[in-house]
1. Being buried (at least 17 other Cβ atoms within 10 Å of the Cβ) and among the hydroxyl-bearing types (Ser, Thr, Tyr) is the requirement here; does Ser131 meet it?
2. Could you list all residues from the range 38-66 that are open to solvent by 90 Å² or more (accessible area, probe 1.4 Å), over 20 Å from Asn154 (Cβ atoms) and either under 16 Å from the mean Cα position of the chain (by Cα) or not basic (Lys, Arg) (or both)?
3. Taking Ile147 as meeting all but one of (1) under 14 Å from the mean Cα position of the chain (by Cα); (2) more than 20 Å from Leu103 (Cα to Cα); (3) open to solvent by 10 Å² or more (accessible area, probe 1.4 Å), write down the number of the exception.
4. In the list Glu23, Glu5, which residue meets the criterion of being at pLDDT below 95, open to solvent by 50 Å² or more (accessible area, probe 1.4 Å) and more than 16 Å from the ligand (Cβ to nearest atom)?
5. So which of Thr142, Thr155 ends up being at negative phi, of a type in the set (Val, Ile, Thr), within 16 Å of the ligand (Cβ to nearest atom) and exposed (fewer than 15 other Cβ atoms within 10 Å of the Cβ)?
6. Which residue pairs have Cβ atoms under 7 Å apart, sit 6 or more places apart or on different chains, and have a first residue in the range 19-38 that is free of Cβ contacts under 8 Å to residues at least 60 places away in the same chain and a second that is among the charged types (D, E, K, R) and part of a loop (DSSP other than H, G, I, E, B)?
7. Looking at the range 182-192, is at least one residue in a strand (DSSP E or B), surrounded by 15 or more Cβ atoms within 10 Å (Cβ to Cβ), of a type outside the set (Ser, Thr, Tyr) and within 14 Å of the chain's Cα centre (by Cα)?
8. Go through (1) touching a residue at least 24 places away in the same chain (Cβ under 8 Å); (2) open to solvent by 40 Å² or more (accessible area, probe 1.4 Å) for Asn105 and report which single condition fails.
Amino acid sequence: MITVEKDKFYALPKLPYNYKDLEPYVSEEQLRIHHEKHHQGYVNGANAILEKLENARKDGVDLDIKSTLKALSFNIGGHILHSLFWPNLAPSGKGGGEPHGVLGNAIEKEFGNFERFRKEFSQAAVSVEGSGWAALSFCRQTNRPIIMQIEKHNTNIYPTFRILMVLDLWEHAYYLDYKNARAKFVDAFWNIVNWDAVNNRLEELRK
Ligand code: MN
């Protein structure tokens, strides 16, 4: 139970579409459980650890800081990545296609063409070991987009790189719809990716 001010804690963001809007690529049941149960679980987990830290400081109690911070990183990472994921998806019929604007230019410059980028990103997504994410990120030192594979929610993230787009490859993201056929889920993703949202993130970054 959270007992102190609410705005010091994380909250589950509302989806920018309805639960059935990603069908047939992601079912209503799959999306609902992913958002309401899994994402909520990371929000609750992060808040519980923050509260535990706060209480320990207040009471002068020592915690196992190493394991506490590891769990905190896992849960905050899960919350932040899911918060990036939902808006980089678009309702069926409104997403997909190819990126345009500064994002389209950056992808073409780095990867040669969109097809090459899509292939590399799909390969990154399909080959994530166990539970993790594929992400398109951007390095502000070199102005280059970089694909990352993130293990779990918090391992292999490049410090300071801004994440533009993520794809959740935890089984909880696709198992109800696709069972073990992760590659089919990755193929489906390209039909509902929201390039406008991803492009806006890059434009914000370059302001
Ligand atoms: Mn997830």
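1. no
2. Correct list: Asp59, Asp62.
3. So Ile147 meets the others, but not (2).
4. Working: Glu23 fails: at pLDDT below 95.
Exactly one residue qualifies, and that residue is Glu5.
5. Result: Thr155 is the single residue among Thr142, Thr155 that is at negative phi, of a type in the set (Val, Ile, Thr), within 16 Å of the ligand (Cβ to nearest atom) and exposed (fewer than 15 other Cβ atoms within 10 Å of the Cβ).
6. Glu28/Lys20
7. No - not one qualifying residue is present in the range 182-192.
8. (1)
The values are calculated or read from the model by the stated rules, or taken from the named source; none is laboratory data. Remember, predicted model here, so these are calculated numbers, not experimental data. In this analysis, Cβ positions are derived from the backbone assuming ideal geometry, glycine residues included, and neighbour counts consider all displayed protein chains. What goes into the accessible areas is simple: the full protein's heavy atoms, side chains included, and nothing from ligands, DNA or RNA. Shrake-Rupley method; radii C 1.70, N 1.55, O 1.52, S 1.80 Å.
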